[in-house]
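One structure is given here, and the rest of the page talks about it.
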Amino acid sequence: MSDDVLLETRGPVGVVTLNRPKALNALNLAMCRVLLPRLEAWAADPEVKAVVIRGAGGRAFCAGGDVRAVAASVVEAAPRESAGERLSREFFRAEYSLNHRIHHFGKPYVSLVDGICMGGGLGLSIHGSHRVVTERLVLAMPETAIGLFPDVGGGWFLPRFPGESGTYLGLTGARCNAADAMWLGYGTHFVESARLDAVLDALVGAPWGRGSAHAVVDGVLADFHADAGTSVLATQHAAIDRCFAAERVEDIQQALEAEGSTWAQESWATLLRMCPTSLKVSLRQVRMGRTRGYDEMAGVEYRLSQAMTARADFREGIRAVLVDKDNKPRWHPGTLGDVSDADVEACFAPLEGDAFALPTGPRR
Ligand code: QUE
């Protein structure tokens with residue numbers, strides 16, 4: 001078994017440590033395949049009262065999915081049923097199945113989110129019951145920068161952040177700190193990074209016999225909780241709602257131009273660098289998710305994952321951001337005006353013979 005994820009039980013607590021520190025603990029297929037059955041086993045084991053997940057190495061919780069491996073396999077690709085298509089299919093199926101298992105876990109699932117948490121890192125944390133954030137948190141959904149879209153449930157959780165803040169975060173990839181994360185409702189508790197080992201010890205030693213497991217975790221975390229400070233995101237909230245309410249990305253850009261503030265100018269410039277097809281697909285995804293449940297959006301996102309990873313923009317985004325790191329992607333189509341409604345619609349089309357139906361749980 002690989003050491004990319006460490007699994008242990010400490011008394012009544014199942015502990016997951018993401019352990020690829022050189023890759024900022026990015027989640028790969030092997031890790032998903034080890035984690036899913038262990039979570040199944042812990043969910044069924046009456047001796048296990050809660051799960052804690054954290055990242056090794058001190059820099060990141062999890063930088064995302066291992067999109068670099070998916071892109072590399074697509075490049076090697078021959079025509080149909082190539083290795084690339086297979087990895088894209090297997091990886092996203094495994095990752096979304098894991099997110100789904102966490103979403104419906106039932107027992108307390110506590111993420112200690114200390115450092116970088118992006119994309120797939122949110123998928124491993126946001127679907128659980130508790131998220132402890134620290135002063136080192138860097139939280140973002142940056143997928144439009146690599147020709148993808150805010151997946152791992154983004155279509156469900158982004159529209160549930162306050163006002164249009166989720167639309168803003170999903171389109172621009174803007175980074176949040178701990179105060180922002182608390183304001184969003186992503187963070188349930190703020191604890192200084194240096195105290196996280198003590199949090200884990202306290203959970204292991206908690207009086208599990210007394211009251212519900214969720215109440216026990218609430219009680220332990222409340223003892224460590226501190227003030228995260230003032231959120232800059234919160235102060236931008238009115239402007240975000242004014243600018244990001246539109247149904248078309250072009251109208252959002254226009255609203256940012258009209259807004260005129262430094263924040264609006266910077267956001268406008270950021271959108272200009274992002275993949276135009278990603279922007280239009282992502283806005284449609286986030287709007288769809290307003291009225292749909294998590295399980296349904298997971299199916300939509302699986303289709304999108306296959307359509308978007310098959311596009312040249314995905315390989316180009318990975319090249320520009322993660323391989324060559326020139327941060328100068330050349331997108332095709334290169335402008336919003338050149339992405340038609342039909343192009344966007346095509347990405348949402350059902351996949352022939354490859355539907356992804358997850359067992360549905362109660363709507364959350
Ligand atoms: C957008 C993304 C990701 C990203 C950068 C983006 C992503 C991801 C990584 C990443 C970062 C460091 C690593 C690694 C992957 O970066 O999903 O293996 O070492 O995983 O702009 O969606």
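The values are calculated or read from the model by the stated rules, or taken from the named source; none is laboratory data. If you're wondering where the values come from, they're calculated on a predicted model, not measured in any experiment. Using ideal geometry, Cβ is built from the backbone for each residue, glycine included, and neighbour counts are taken over all protein chains shown.
Each row is one residue, and each column tells you yes or no for (1) assigned to a helix (DSSP H, G or I); (2) of a type in the set (Val, Ile, Thr); (3) at pLDDT below 95; (4) under 25 Å from Glu135 (Cβ atoms).
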site: Val217; (1), (2), (3), (4): yes, yes, no, yes
site: Leu221; (1), (2), (3), (4): yes, no, no, yes
site: Asp227; (1), (2), (3), (4): no, no, no, yes
site: Asp241; (1), (2), (3), (4): yes, no, no, no
site: Glu247; (1), (2), (3), (4): no, no, no, no
site: Ile252; (1), (2), (3), (4): yes, yes, no, no
site: Glu266; (1), (2), (3), (4): yes, no, no, yes
site: Thr277; (1), (2), (3), (4): yes, yes, no, no
On the basis of being exposed (fewer than 15 other Cβ atoms within 10 Å of the Cβ) and polar (S, T, N, Q), does Ser261 make the cut? yes
Which of the residues belonging to the stretch 23-38 are more than 16 Å from Val70 (Cα to Cα), out of contact with any strand residue (DSSP E or B) (no Cβ under 7 Å at 6 or more places or on another chain) and in contact (Cβ under 8 Å) with a residue 12 or more places away in the chain? Leu36
Cβ contacts < 9 Å: first residue closer than 19 Å to Gly353 by Cβ and among the acidic types (Asp, Glu), restricted to the stretch 69-88; second residue assigned to a helix (DSSP H, G or I) and at pLDDT below 75, any location; separation 6+ or different chain. Result? Glu85/Val74
Name the single residue that is farthest from the chain's Cα centre (by Cα) among those in the stretch 20-45 being in a helix (DSSP H, G or I) and near the ligand (Cβ under 8 Å from one of its atoms). Lys22
Restricting the search to the stretch 192-213, which residues are closer than 23 Å to Trp42 by Cβ, among the aliphatic types (A, V, I, L, M) and within 25 Å of the chain's Cα centre (by Cα)? Leu196, Val199, Leu200
Out of (1) among the aliphatic types (A, V, I, L, M); (2) in contact with a Pro (Cβ under 6 Å, 6 or more places away or on another chain); (3) crowded, with 23+ Cβ neighbours inside 10 Å, the odd one out for Val113 is which? (2)
Applying the selection to the stretch 87-111, what residues are more than 15 Å from the chain's Cα centre (by Cα) and among the aliphatic types (A, V, I, L, M)? Leu87, Val110
Are any residues in the stretch 308-350 surrounded by 13 or more Cβ atoms within 10 Å (Cβ to Cβ), of a type in the set (A, V, I, L, M) and away from the ligand (no atom under 16 Å from the Cβ), and if so, which ones? Ala310, Leu336, Val339, Val344
Specify the residue that is surrounded by the fewest Cβ atoms within 10 Å (Cβ to Cβ); the eligible residues are those in the stretch 187-199 that are in contact with a strand residue (DSSP E or B) (Cβ under 6 Å, 6 or more places away or on another chain) and more than 11 Å from Phe224 (Cα to Cα). Thr188
Within the stretch 102-121, the residues that are within 10 Å of the ligand (Cβ to nearest atom) and aliphatic (A, V, I, L, M) are Ile116, Met118
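With Val110, Val15, Val48 as the choices, which residue is more than 30 Å from Gly173 (Cβ to Cβ) and either part of a strand (DSSP E or B) or among the hydroxyl-bearing types (Ser, Thr, Tyr) (or both)?
Val15
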Considering only residues that are more than 11 Å from the ligand (Cβ to nearest atom) and either farther than 20 Å from Ser111 by Cα or more than 12 Å from the chain's Cα centre (by Cα) (or both), which ones fall in the stretch 147-164? Gly155, Pro159, Arg160, Phe161, Pro162, Gly163, Glu164
Which listed residue is at pLDDT 95 or above and part of a helix (DSSP H, G or I), from Gly155, Gly128, Gly84, Gly163: Gly155
Considering only residues that are in a loop (DSSP other than H, G, I, E, B), aliphatic (A, V, I, L, M) and near the ligand (Cβ under 10 Å from one of its atoms), which ones fall in the stretch 131-146? Met141
Would you mention how many residues in the stretch 231-282 are in contact (Cβ under 8 Å) with a residue 24 or more places away in the chain and aromatic (Phe, Trp, Tyr)? 2
